[in-house]
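Here the structure comes first, spelled out in structure tokens, and everything after it is commentary.
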Amino acid sequence: YLEAIRLDGEGTINGLQVLRPDRMVADLDAGGRVAAWTYRVDHHRRRIGRDGFGWLRVLHLKQFHPSNDVYGLPPLAAARQALDLHNAGADWAKALIDNSAKPSGALIYGKAGDRLTPEQFDRLKQELEAAHTGAQNAGRPLLLEGGLDWKPMGLSPADMDFLEARHAAAREIALAIGVPPLLLGLPGDNTYANYREANTAFWRQTVLPLASRISAALSAWLTDGFGEDVDIHCDLEAVPALASEREALWTRLNDASFLSDDEKRQLAGISQTDGAQ
């Protein structure tokens with residue numbers, strides 16, 4: 001959400017302010033069209049409506065949603081289960097570290113049927129928590145009294161599979177927002193040899209289409225607001241990730257002897273200078 005504002009409080013619009021999506025509520029008219037937006041901050045409400053010419057000072061950029069044409073579908077909403085899985089995996093790993101990174105073993109008292117008294121059980125539990133639980137106590141030996149036996153334990157391969165589940169969840173989150181999973185640097189993915197191609201694909205398939213869509217929406221919105229043509233476009237020459245593509249284009253144009261210099265400049269996207277022959 002972008003709101004056109006007047007930085008000096010009056011006069012023409014000379015600034016844009018980003019609004020938090022979770023605070024925006026649409027006010028619809030009888031035809032289901034957005035008549036105004038209400039911005040909520042705690043108990044305060046601010047209504048942003050249309051001006052006298054029917055121009056709405058809020059630009060809402062959204063993705064298509066099959067069942068909600070007002071608010072749209074956020075990309076991360078499609079990956080919400082992967083987000084929950086990834087966060088749960090982080091909590092699981094943190095819990096394992098807090099408990100010496102594994103369920104290290106079990107203390108067995110005496111023979112079958114023998115039981116510790118409540119006082120003995122509480123004292124033993126407190127000693128284990130104080131001296132043998134947590135990453136700082138990992139590997140510390142146990143001093144056992146008579147009748148106690150230590151049985152070591154470990155996680156099975158199936159229990160340890162949560163690491164691969166976190167990696168798979170991270171890949172799903174990256175795909176939902178248009179980021180090649182290779183750029184995440186996850187173990188087992190491709191090596192650095194394909195990193196440049198993945199970075200170029202990220203710019204070509206995600207960043208540039210998104211930037212072009214935003215610039216086109218801004219141009220149309222501000223043209224309606226100012227009453228005159230506003231042209232906002234992306235400067236691809238300033239993108240370092242596309243330098244190799246530009247170099248290859250210039251090499252092909254330089255080798256094309258059947259083109260004139262003016263035609264080469266036009267194909268390269270360079271405006272012709274005054275007096276150029």
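What the table below lists for this structure:
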quantity	calculated
Elements of type strands (runs of 3 or more DSSP E) in segment 20-101, at least 2 residues being surrounded by 10 or more Cβ atoms within 10 Å (Cβ to Cβ) and free of Cβ contacts under 8 Å to residues at least 12 places away in the same chain	44-48
Counted residues, segment 226-247 - those being open to solvent by 30 Å² or more (accessible area, probe 1.4 Å) and in a helix (DSSP H, G or I)	10
Single match in ALA168, ALA174, ALA201, ALA193 (criterion: open to solvent by less than 80 Å² (accessible area, probe 1.4 Å), modelled with pLDDT of 85 or more, farther than 27 Å from LYS62 by Cβ and not hydroxyl-bearing (Ser, Thr, Tyr))	ALA168
Criterion violated by GLY185 - all others in (1) at pLDDT below 85; (2) farther than 21 Å from LEU76 by Cβ; (3) open to solvent by 60 Å² or more (accessible area, probe 1.4 Å); (4) not hydrophobic (A, V, I, L, M, F, W, C) satisfied	(2)
Which numbered condition ALA4 fails, given (1) assigned to a strand (DSSP E or B); (2) modelled with pLDDT of 85 or more	(2)
Pairs, first under 23 Å from LEU236 (Cα atoms) and open to solvent by less than 90 Å² (accessible area, probe 1.4 Å) in segment 253-277, second at pLDDT 75 or above and aromatic (Phe, Trp, Tyr), C-beta under 9 Å, six or more apart	LYS264/TRP250; ALA268/TRP250
Lone unmet requirement of (1) at pLDDT 80 or above; (2) at positive phi for GLY269	(1)
Residue list for segment 10-19, restricted to those being in a strand (DSSP E or B) and open to solvent by less than 70 Å² (accessible area, probe 1.4 Å)	GLY15
LEU208 out of contact with any helix residue (DSSP H, G or I) (no Cβ under 7 Å at 6 or more places or on another chain) and either modelled with pLDDT of 90 or more or open to solvent by less than 80 Å² (accessible area, probe 1.4 Å) (or both)	yes
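The values are calculated or read from the model by the stated rules, or taken from the named source; none is laboratory data. Fair warning: this is a prediction, and the values are worked out from it, not measured in the lab. Every residue, glycine among them, receives a Cβ derived from its backbone with ideal geometry; neighbour counts consider all protein chains shown. Surface areas here come from the heavy atoms of the whole protein model, side chains and all, with no ligands, DNA or RNA. Shrake-Rupley method; radii C 1.70, N 1.55, O 1.52, S 1.80 Å.
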